[in-house]
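What follows is a short report on a single structure.
The values are calculated or read from the model by the stated rules, or taken from the named source; none is laboratory data. What you see is a predicted model, and the numbers here were worked out from it, not measured in a lab. Here the Cβ positions follow ideal geometry from the backbone for every residue, glycine too, while neighbour counts run over all protein chains shown. Side chains are part of the model used for accessible areas, which takes the heavy atoms of the whole protein and leaves out ligands, DNA and RNA. Shrake-Rupley method; radii C 1.70, N 1.55, O 1.52, S 1.80 Å.
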Amino acid sequence: MFPKPIQSMSPAARLTYQVLLPVMLVLWLLPLLGVAVTSIRPSSDLAQGNYFGVPSYLAFSNYLDVFKNSPFASYMLNSFKVTIPTVIGAVALSCLTGFALAVYKFKGNLLIFFIFVAGNFVPFQILMVPVRDLTVKMGLYDTITGLALFHVAFQTGFCTLFMRNFIKALPKELIEAARVEGVGEWQIFWHIVLPLVRPAIAALSVLIFTFIWNDYFWATVLTTGADTQPITAGLQSLNGQWVAAWQLVSAGSILAALPPVAMFFLMQKHFIAGLTLGAVK
Amino acid sequence: MSEPHAETGTPAPRRRRLNRKLAPWLFLAPGALMFLIYVLIPIVESMWISFFQWDGLSAKTWVGLSNYLELLDDDAFYTSLKNNVIWLVLYMLAIPFGLFIALFLNQTVRGIRIYKSLFFFPFVISQVVVGLIFSWFYAPGFGLFFELTKWLDGTGIAILANPNTVTYGIIAAGLWPQIAYCMILYLTGLNAVAPDQIEAARLDGAKGIKMLWYVVLPQLRPATFIAVVVTVIGALRSFDLVSIMTDGGPFGSSRVLSYYMYEQALSEYGYRMGYGAAIAVVLFAIMMIFISGFIWKMWRDERGL
């Protein structure tokens with residue numbers, strides 16, 4: 001095991017390691033594997049108490065049933081409708097704030113930065129009543145816009161932390177040189193800094209996509225029905241309706257988990273880079 | 001604009017100077033405004049609301065500190081507070097477990113990258129899905145966990161139905177993604193551990209636990225710090241799993257402050273916004289202790305730059 005490379009150990013140790021890897025993985029993912037198998041198990045198996053044996057046939061139709069018997073498609077669509085604008089909005093706003101906080105020296109710079117950071121960590125409950133109230137007053141309660149607006153605002157905290165640190169790490173000389181040349185501030189932002197922060201934008205986008213897609217709390221506080229609720233809230237209400245229809249709950253869960261998982265695998269490098277920001281110094 | 005020692009330069013550079021003073025505020029404005037409206041003002045508003053009796057619709061009635069005084073006498077509040085402490089303590093297990101898995105996976109063999117990403121899986125999926133998965137795992141009658149305990153003790157343990165075990169059952173579900181998160185932090189940290197130091201320590205005869213404690217862990221300090229921060233915040237913010245798996249039950253025994261607040265302010269149990277706000281303020285105060293510590297460390301680092 002650790003720091004010592006496995007290659008420098010005895011063949012027996014190496015073999016043990018190779019065998020242990022998949023065993024540990026299966027144990028680690030056991031609950032998930034169980035759900036995956038249940039999602040293709042025919043309901044007749046469950047009725048007969050065959051929960052763990054080999055499914056009598058592979059009932060991929062469970063996945064179809066989820067769509068046929070519930071507003072599942074609508075929930076999924078709502079999730080995209082909330083998530084995509086939020087990602088764009090929060091990333092755009094934080095490119096601006098991050099640039100301001102990283103490039104300029106002004107009074108209160110650090111204070112404003114820390115307010116963004118601290119705000120990002122507060123418990124949602126301290127915001128709940130006023131934000132719900134505000135959304136109602138704006139006539140946006142139970143709308144996708146209302147939910148997305150809040151997410152954009154809240155995620156700006158984390159995104160600002162992220163963009164500011166990233167831009168701060170860029171070589172200052174670039175900006176200084178541009179200023180000497182007489183390039184305007186907006187031009188510096190748009191033509192010099194933005195192209196350089198593309199990797200950070202990619203990392204942030206995947207992260208925020210996952211955060212928003214997986215949000216449950218605000219979905220239940222700011223929206224109510226199948227017309228507006230995203231999949232997390234929808235899944236919970238379907239779970240109530242599909243009492244004991246575990247094959248459907250399982251299939252629904254797998255479907256709800258797919259977009260962030262796909263996102264993670266497509267953009268793994270960026271995702272991890274974003275998440276571990278600051279873990280290496 | 002007042003320019004005390006106004007230079008007699010051409011208008012162009014002067015305009016640029018002005019621009020540079022104004023620019024940061026213009027860049028900040030949209031994001032800061034949104035953050036102000038949706039995050040900062042609501043915090044103050046919640047504190048204000050906590051001094052009122054309010055159902056969310058009719059007029060507010062000023063009640064002073066009576067919401068807080070009621071909390072002092074509320075058993076459900078103490079249950080929630082106690083559970084929050086249990087969450088906070090047990091959630092910390094994610095850090096050593098995450099480190100252990102990271103060390104285990106920190107090898108270069110074929111396919112290890114796929115293993116690393118598959119181990120990370122639980123973090124990527126929603127807590128709603130994690131909650132449903134674990135509800136199924138624990139389900140009395142057929143859940144895998146139930147079957148295992150049945151095989152051991154003959155009757156089986158319905159962990160979510162028992163007020164004495166339910167919180168532990170939910171925390172175990174929460175630890176699953178949290179361990180994955182800590183693991184990835186440590187894997188990244190391990191990438192940066194200096195091989196020459198390991199080699200030097202090895203020549204000095206350091207091995208196993210000693211090597212880990214005196215050589216590797218000190219180098220992983222930034223990763224450990226972030227792991228502690230995200231784990232503390234995660235533990236105190238826990239809401240989704242409690243809501244999905246038990247709705248705070250049985251008999252309110254798995255409530256945490258975040259859930260109890262929601263229940264008081266926005267559920268069939270009543271629309272007691274003021275009382276809910278008071279609970280939220282308590283939770284906020286607890287979290288601010290940790291957040292201030294984090295900010296304080298960031299501030300020290302910034303000054304060191």
Could you tell me how many of the residues in the range B:265-305 are in a helix (DSSP H, G or I) and either of a type in the set (A, V, I, L, M, F, W, C) or facing another protein chain (nearest Cβ under 10 Å) (or both)? 28
Tell me, please, whether a residue that is within 26 Å of B:Y138 (Cβ to Cβ), over 21 Å from the mean Cα position of the chain (by Cα), of a type in the set (A, V, I, L, M) and open to solvent by 40 Å² or more (accessible area, probe 1.4 Å) can be found in the range A:230-247. yes
Is the range A:121-142 home to any residue that is outside any loop (DSSP other than H, G, I, E, B), open to solvent by 10 Å² or more (accessible area, probe 1.4 Å) and more than 11 Å from chain B (Cβ to nearest Cβ)? yes
Which one of B:Y262, B:Y214 is surrounded by 22 or more Cβ atoms within 10 Å (Cβ to Cβ) and either under 20 Å from the mean Cα position of the chain (by Cα) or more than 9 Å from every other protein chain (Cβ to nearest Cβ) (or both)? B:Y262
Looking at (1) farther than 27 Å from B:W176 by Cα; (2) loosely packed, with under 13 Cβ neighbours inside 10 Å; (3) at pLDDT 85 or above; (4) not small (G, A, S), which one does A:Q48 not meet, given that it meets all the others? (3)
The range A:2-45: number of residues that are charged (D, E, K, R), surrounded by fewer than 18 Cβ atoms within 10 Å (Cβ to Cβ) and in a helix (DSSP H, G or I): 1
Got a sec? Which of B:A139, B:A180, B:A172, B:A161 is over 30 Å from B:N106 (Cβ atoms), at pLDDT 90 or above and small (G, A, S)? B:A161
Among the residues of the range B:81-132, count how many are part of a helix (DSSP H, G or I) and touching a residue at least 12 places away in the same chain (Cβ under 8 Å). 28
Selection from the range A:196-221 of residues open to solvent by less than 10 Å² (accessible area, probe 1.4 Å) and more than 11 Å from chain B (Cβ to nearest Cβ) yields A:V197, A:A200, A:A203, A:L204, A:I208
With the condition kept exactly as written, say whether any residue in the range B:149-157 is open to solvent by less than 30 Å² (accessible area, probe 1.4 Å) and assigned to a loop (DSSP other than H, G, I, E, B). yes
Inspect the range B:170-181 for any residue being farther than 23 Å from B:P96 by Cβ, in a helix (DSSP H, G or I) and out of contact with any His (no Cβ under 7 Å at 6 or more places or on another chain) and give the result as yes or no. no
